[in-house]
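Worksheet for the structure shown next.
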Amino acid sequence: MVWLNRVEAYLDDLEVAADELARQMKQMKVDQVPASKGDATTSGGIDGSLAVGVNAATERLASCLSELEGKVAHRERLLRAADAPESGLTLSEKLEAGREPRSRSLYRRCETISEMMADINNHALSLFVCQFHLANLTDDVVRLMAGVSEPTTYGDSRKPDKLGGNLFNESA
């Protein structure tokens, strides 16, 4: 099989895997924990169905990531193939160096998939930051209402405190 045919098949598989990962990331949400129903199916105010849904979504995400990791090994085999172009260290560089129209077309597809992966990465990072901050939302709201200085995680501890005790009154 010609190298460009193998690259095209790889890009087809990669595009499907990236699309599945993108759909899974869009389905990942930061849900509000429902109020406790007070029966045996709840645990600490968390509805059992929510926990099952989160676990299922996490398993699907892990499956998508595992499939994508498998594509990395496949790409390495393509890069090291005996019939691969010698110029370039990445698949994009090898395709860009090609003179034929098919190589240029595959290069554009590779760039499109790369942009899709960058968007997925940005979405994942945003989701992590939101979940990180929402995990301590109650503590942060109490801290803001009490006028306690902000934690030094993000800022310079030498700067003067800008918080007052009536932040919500000021914003209203």
Inset, instruction - Estimate the FRET efficiency between Leu134 and Leu68 by the formula 1/(1 + (r/R0)^6), using the beta-carbon distance for r and 22 Å for R0, to the nearest 0.05. - result: 0.25
Legend entry - Potential lengthening between Arg104 and Leu79 on full extension [0.36 nm per residue; Cα-Cα distance subtracted]: 7.3 nm
Legend entry - Cα pair count fraction exceeding 18 Å, expressed as % - the range 69-133: 50
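Bear in mind that the values in this text are calculations on the coordinates, not laboratory data. Keep in mind the model is a prediction, meaning the values are calculated, not measured. Glycine gets a Cβ as well: all are built from the backbone with ideal geometry, and neighbour counts include every protein chain shown.
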